[in-house]
1. Given a 10 angstrom Cα cut-off, can you work out which residue in GLY103, GLY42, GLY55 is the most mobile in a GNM of the chain?
2. Looking at the range 42-125, which GluC sites (Glu not before Pro) are in a loop (DSSP not H, G, I, E or B) and have at most 13 other Cβ atoms within 10 Å?
3. Take ASP65, ASP107 and sort them by solvent-accessible surface of the protein heavy atoms, 1.4 Å probe, largest at the top.
4. Sort the chain into rounded, prolate or oblate with this rule: let a ≥ b ≥ c be the square roots of the eigenvalues of the Cα gyration tensor; rounded if a/c is under 1.5, and if a/c is not under 1.5, prolate when a/b is larger than b/c, oblate otherwise.
5. Please report the antiparallel percentage of the DSSP beta bridges confined to the chain, to the nearest 5.
6. Sort by residue number and report every cysteine in the chain with no other cysteine beta carbon within a distance under 4.7 Å.
7. Enter the angle in degrees (range 0 to 90, nearest 10) between the Cα long axis of helix 78-94 and the first principal axis of the Cα atoms of the chain, meaning the one along which they spread out most.
8. Please give the charge dipole size of the chain, origin at the Cα centre, charges +1 on K and R Cβ atoms and -1 on D and E Cβ atoms. Round to the nearest 20 debye.
Amino acid sequence: MFNRTNVFILIAAALAACLGYALQRHGVPFTQPSGVNVLRVGDPYADLSLPNLEGQALALSTWADRPRLLNFWASWCAPCVAEMPVLDRFAQMQASQGVRVIGIALDEAPNVRQFLTQHPVSYPV
């Protein structure tokens, strides 16, 4: 189970964690690069509007009163495809709590439609 590679990875991860903790503990400030806008929880954001599968614009502000989980995915991305059933179950379980899962496909609409016929999900894409 523990070969040299695994032991090396564990040691490297432990050292990185210790270094991160030490930097944080001793107050090394994070300097934000110039020209980069970092949003924090609760900050206002520019509304994003993307076409749905019918070509109609759909804005994220549609669900502004609810928590939203954005899932960026593509039909050619194997991990994305593997996580979709899990996200679909999550979306169904959390719907009563107001949580909305929104799929943002990085494919052309015809490819997405064909993909969703074989891998349907209940959340909007």
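1. Looking only at GLY103, GLY42, GLY55, the largest GNM fluctuation is found for GLY42.
2. GLU54, GLU108
3. Ranking ASP65, ASP107 by accessible area, largest first, yields ASP65, ASP107.
4. Here the chain falls in the oblate category.
5. 35 percent
6. That list is CYS18.
7. Roughly 70 degrees, rounded to the nearest 10.
8. That gives the chain a dipole magnitude of about 480 debye.
The values are calculated or read from the model by the stated rules, or taken from the named source; none is laboratory data. All values derive from a computational prediction rather than experimental measurement. Backbone-built Cβ (ideal geometry, glycine too); neighbour counts: all protein chains shown. With ligands, DNA and RNA removed, areas are computed over all heavy atoms of the protein, side chains included. Shrake-Rupley method; radii C 1.70, N 1.55, O 1.52, S 1.80 Å.
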